[in-house]
1. Counting Lys and Arg as +1 and Asp and Glu as -1, what is the net charge of the other residues whose Cβ lies under 13 Å from the Cβ of SER72?
2. Can you tell me how much longer the chain between LYS112 and ASP30 gets when fully stretched, taken as 0.36 nm per residue apart minus their C-alpha distance, in nm with one decimal?
3. How large is ³J(HN,Hα) for each residue in the stretch 178-191, as worked out from phi by the Karplus curve 6.51 cos²θ - 1.76 cosθ + 1.60 (θ = phi - 60°), to whole Hz, x for Gly and Pro?
4. Quick check for me: using +1 on Lys/Arg Cβ and -1 on Asp/Glu Cβ, what's the dipole size of the stretch 32-96 about its Cα centre, in debye to the nearest 20?
5. Pick from ILE155, ILE121, ILE167 the residue whose mean-square fluctuation is largest in a GNM of the chain, springs joining Cα atoms under 10 Å.
6. Helix 211-240 versus the longest principal axis of the chain: what angle, 0 to 90°, nearest 10, using Cα atoms?
7. Quick one: among SER72, SER15, SER119, which has the greatest mean-square fluctuation in a GNM of the chain with alpha-carbon springs under 10 angstrom?
8. Return the calculated 222 nm mean residue ellipticity for the chain, to the nearest 500 deg cm²/dmol, obtained by summing -39500 (n - 2.57) across DSSP H runs with n ≥ 4 and dividing by the residue count.
Amino acid sequence: MLTHTFRHVRGIGPSLESALWARGVRGWDDVGPDRPEALTPARFAAVGEELARSRSEVKKRNARYFQDLLPSRDDWRLFGEFRGETAYLDIETTGLEPEWNEITTVALYDGKTVMTFVSGIDLEGLPAALADYRMIVTYNGRCFDVPFIEKAFRIGVGHAHLDLRYILKRLGYSGGLKGCERKLGVGRKGVEDVDGFMAVLLWQEYRRGNRKALDTLLAYNAADAVNLEALMVKAYNMCLADTPFREETLPAPREACIPFEPDPQTLRRLQASMPW
């Protein structure tokens, strides 16, 4: 979809982009020496200059360049081009505020491999792992995951960033990550009832010496990251359906192998201890 896009060019709004598509200018390669009827001479020159730069930035695999120029409601268009260089990111923490709480575990998934990082073991390896990707996908990561990471490691996360919370909300889906999963038919096995509060209890249980609690927490964390890919593909295809390019839908992701098993006994015991 990215190479069909003209919204990153100054002066081209949704109406003009649609007019270009309707006149057969369906992508960057259709802008040739003859000026499309929908463009003034000045705008045609600007489009030519921007598309030359755009081709260069695609060759550099610079996803952030396009996100910085596109309206936020159109940033989903990046996904088809950069799917193979995307990390699906989810973190668990001891609380909600980066100023007072800390990261406990992180899960990264790239469509092939689940990677996890644990505080006190290998969490410091996260920034190097992130550097291998051009784009990240999160759910509510703009408000939560990224601020935590930036504070914990004193870095700026400069990746292109698709936050599914906002993409799905524009499509009519809300209710948190698991709420969106249920509405869109994306399941998870063994950790259906685990939430952020339970994740804190699991971390505390692990710190008291229960290794199975950590495996359960990592199974939950990894399920969050893995399911982001399925949701992102669904969201992309739904957004694409509102364009002339609906035939270019992406295939569903392959089933991921999560290398951790939740411990039902630990979960039952912690659930029984809750005051509600």
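Just so it is clear, none of the values below were taken in a lab; they were calculated from the coordinates. What you see is a predicted model, and the numbers here were worked out from it, not measured in a lab. Positions of Cβ are backbone-derived with ideal geometry, glycine not excepted, and every protein chain shown enters the neighbour counts.
1. Taking every other residue near SER72 into account, the sum is +3.
2. Extending this stretch completely gives an extra 26.0 nm.
3. 5, x, 5, 4, 4, 5, 9, x, 9, x, 8, 10, x, 10
4. Charge dipole of the stretch 32-96: 240 debye, to the nearest 20.
5. ILE121
6. It is inclined by approximately 20 degrees.
7. Highest fluctuation among the options: SER15.
8. After summing the helix terms and dividing by residue count, I get -13500 deg cm²/dmol.
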